[in-house]
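Working notes for the structure below.
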Amino acid sequence: MNASLNSSGSMPAQPAPSASVAKFFALKPRLFINGEWVEARSGKTLPVYDPATGQQFGAVADAGLEDVDRAVHAARAALETGPWSTMTPAGREALLWRLAELIDRDAAEFAEIESLDNGKTRFMASIIDVPGASNYFRYMAGWATKITGTTMETSLQAPGAKFHTYVAREPVGVVAQIVPWNFPLAMAAWKLGPALAAGCTCILKPAEQTPMSALRLGDLIREAGFPAGVVNILTGLGESSGAALVAHPGVDKVAFTGSTDVGKLINKSASDTMKRVSLELGGKSPMIVLPDVDPQTVAGGASGAIFFNAGQVCTAGSRLYVHSSIFDRVLEGVSAAAAAIRLGPGLEQATEMGPLVSKEQQERVLRYIESGRKQGASVAAGGDAPSHPGYFVNPTVLVDVNPDMSVVREEIFGPVLVAQRFDDLDAVVKAANDTPYGLGASIWTNNLSAAHRLIPRIKAGTVWVNCHNLVDPNMPFGGYKQSGIGREHGRVAVEMYTETKSVCIMI
Ligand code: ADP
């Protein structure tokens, strides 16, 4: 059991939001379609809860089929006619840059909104999510002017003729972008940034659990001066508004971040109209700790890798494999780190870890812990929820696990680490790759040769060495195997929002 605030039952209350955020939450539920704020045609709304208290603090519009249709038509019109269709790349760059500046201007408000909506601490939102979003738009602003085609020699021949051939890149078109609840604003930026740089038009659907920062972003998209219809924002449920967007024949591409199960559904549905699809899905990322490292340093790193954002990270370091010679010391360190984490509401300054996003997630994570226990796992830290309202789960470390247990095989998406020992490098490589996922992995060693020999053997889209969960807008991000299709960030992300056109001219 933890000895800190998390299990004592004396968790502080969630402080009241600032006046400006309270005013924003009190706005009438609305959708952002064709540059205007409108109600859902059905008038239906969805409640939004503070995960730290379980109390409703707002409501958003529940977009139905008609709203989806309106948004797709607005996006199509903006793509094909009007100022966006003729805007220069430099014009798009300037708009994206302006949007980044506006996010920075309103950073404090965004951090508060994100904390109340998702449960994460305002502090984390203010150093990770919000600057992550504005910096992402700034990075992608630069790409707008750097999209290039190629010219090539051909072997075509005709009497008396020559040929000029080249490849042009065009915007893929109208894009539906469906994002999850773990980093709501940053995920919106990861989607909108490259699409807008490439000249696409977008319909963004935030997760029903965390719709607020996307709506606030809508205000800034308008203020920045994006032409009407270039970005549309629909709040609503995944199985209705999300599924309707994916099925809509007017959408050219779907970009999705979320669970592998929903990603598979989306991929199937999108194939009916052969939409382009990019998917960033689940993970069960291994951390491999070689015998040469300092156990305390690695314990700190591993704790950060799994407990950051309460483990609600697709690359969370959720499987720890430590060489037998230092296993006990690393386990002791990571368990002590877990027990010392201060749980509490996100707006409270002393809080180090907030609640999970929803009751559903809390129950799901606790079910996993229970199933691990029943199958013979031992709890080295946490293992339960504090007796406090809100969707908290104590940071948990499980040992005595085996590769068949669901806690080892399945993505838990919560603060639950499974720790295992190894002696043989080949065996640990096999174990690390023994998963349908392949998003991230980390190797902890100071042995340069050992690291370089291991890196190519790990089937994952990102391999970190002596760190974990670090992302950079310039570093491609995405998964092998069932962790997804395509990559975000960098040139490749922008190119995934383009079609390739070959041109052949007889001259
Ligand atoms: P989680 O299971 O962790 O809540 P999901 O993958 O269900 O994550 O959700 C990620 C995003 O996908 C959310 O915006 C959600 O509304 C949306 N979504 C869920 N189901 C569907 C679906 N069938 N079609 C399209 N979008 C969906």
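What to note about this one:
- Taken about its Cα centre, the chain carries a charge dipole of roughly 860 debye when the Cβ of each Lys and Arg holds +1 and the Cβ of each Asp and Glu holds -1.
- The range 446-500: C-alpha gyration tensor shape, a/c 1.5 cut-off, then a/b vs b/c: prolate
- For Thr45, residues with placed amide H under 5 Å, excluding near neighbours: Asp62
- Scanning the chain for trypsin sites (Lys or Arg not before Pro) in DSSP loops with at most 12 neighbouring Cβ atoms within 10 Å leaves 163-507 as the longest stretch between them.
- Here the spin labels are modelled as points 7 Å beyond Cα on the Cα-Cβ line, and at Arg222 and Asn474 they lie 3.7 nm apart.
- Computed log₁₀ I(q)/I(0) - Debye formula, equal Cα scatterers, no solvent, the range 129-256, q 0.13, 0.14 Å⁻¹: -0.58, -0.65
- Longest segment of the chain lacking GluC sites (Glu not before Pro) that sit in a DSSP loop with at most 15 other Cβ atoms within 10 Å: 154-507
- Here, the range 357-425 is characterised by an Rg to Rh ratio of 1.00, where Rg is the alpha-carbon radius of gyration and Rh the Kirkwood radius.
- In terms of overall dimensions, the C-alpha atoms belonging to the chain reach 76, 60, 38 Å along their principal axes, ordered largest to smallest.
- Proximal aspartates and glutamates relative to Lys146, as straight alpha-carbon distance under 16 Å, when same-chain residues fewer than 8 apart are discounted: Glu93, Glu170, Glu495, Glu499
- Figure note: Ile147, Ile233, Ile507 ranked by solvent-accessible area, largest first, 1.4 Å probe, ligands and nucleic acids not counted: Ile507, Ile147, Ile233.
- Put simply, the amide H of Leu417, placed in the peptide plane, has neighbours under 5 Å in Thr396, Val397, Leu398, leaving out anything fewer than 5 places away on its chain.
- Inter-probe distance in nm under a simple model that places probes 7 Å from Cα toward Cβ, at Leu27 and Gln55: 2.3
- With bins 10 Å wide beginning at 0, the percent of Cα pairs of the range 206-252 falling in each bin runs 24, 46, 30, 1.
- The label point for Thr273 and the one for Arg491, both projected 7 Å from the Cα toward the Cβ, are 3.2 nm apart.
- Lys359/Thr81 FRET efficiency (R0 51 Å; Cβ-Cβ; nearest 0.05): 0.65
- Across the range 161-176, coupling constants 3J(HN,Hα) worked out from phi with the 6.51/-1.76/1.60 Karplus curve, θ = phi - 60°, read 10, 10, 10, 10, 10, 8, 10, 10, 10, 10, x, 5, x, 8, 10, 8 Hz, and Gly and Pro carry x.
- Prolate/oblate/rounded label for the range 1-154 (Cα gyration tensor, a/c 1.5): oblate
- DSSP bridge pairs, the chain: antiparallel proportion in percent, nearest 5: 45
- Interchain or long-range residues, amide H under 5 Å from Val393's placed H: Leu356
- In order through the range 491-502: 3J(HN,Hα) via Karplus (6.51 cos²θ - 1.76 cosθ + 1.60), integer Hz, x for Gly, Pro: 4, 4, 5, 5, 5, 6, 9, 10, 9, 9, 10, 8
- Convex hull of the range 224-347 built on C-alpha atoms - directionally averaged projected area, nm²: 12.1
- Accessible-area value, Thr148, 1.4 Å probe, nucleic acids and ligands omitted, Å²: 80
- Beta bridge orientation in the range 143-212: antiparallel %, DSSP, nearest 5: 45
- Ligands, DNA and RNA excluded, the heavy atoms of Val167 present near 20 Å² of accessible surface to a 1.4 Å solvent probe.
- Model label zone, Gln375; criterion: amide N under 17 Å from point 7 Å along Cα-to-beta-carbon; scope the range 434-469: 434-437
- Neighbour cut-off at most 11 other Cβ (10 Å), DSSP loop, chymotrypsin sites (Phe, Trp or Tyr not before Pro), the range 235-329: none
- Integer Hz, Karplus 6.51/-1.76/1.60 couplings in order for the range 64-74, x for Gly and Pro: x, 4, 5, 5, 4, 4, 4, 5, 5, 5, 5
- With contacts taken as Cα pairs under 8 Å and at least 6 residues apart, the chain reaches a relative contact order of 19 percent.
- For the range 320-457, the fraction of C-alpha pairs more than 25 angstrom apart is 33%.
- Net charge over other residues, Cβ less than 12 angstrom from the Cβ of Pro12 (K, R count +1; D, E count -1): 0
- Equivalent ellipsoid of the range 279-385: semi-axes from √(5λ) of the C-alpha gyration tensor, largest first, are 23, 17, 15 Å.
- Three-way shape call for the range 32-123 based on the alpha-carbon gyration tensor, with the a/c threshold at 1.5: oblate
The values are calculated or read from the model by the stated rules, or taken from the named source; none is laboratory data. As the structure is a computational prediction, the values presented were derived from the model and not from experiment. Note that we place each Cβ from the backbone using ideal geometry, even for glycine, and neighbour counts take in every protein chain shown. To get the accessible areas, we keep the full protein, side chains included, count just its heavy atoms, and leave off ligands, DNA and RNA. Shrake-Rupley method; radii C 1.70, N 1.55, O 1.52, S 1.80 Å.
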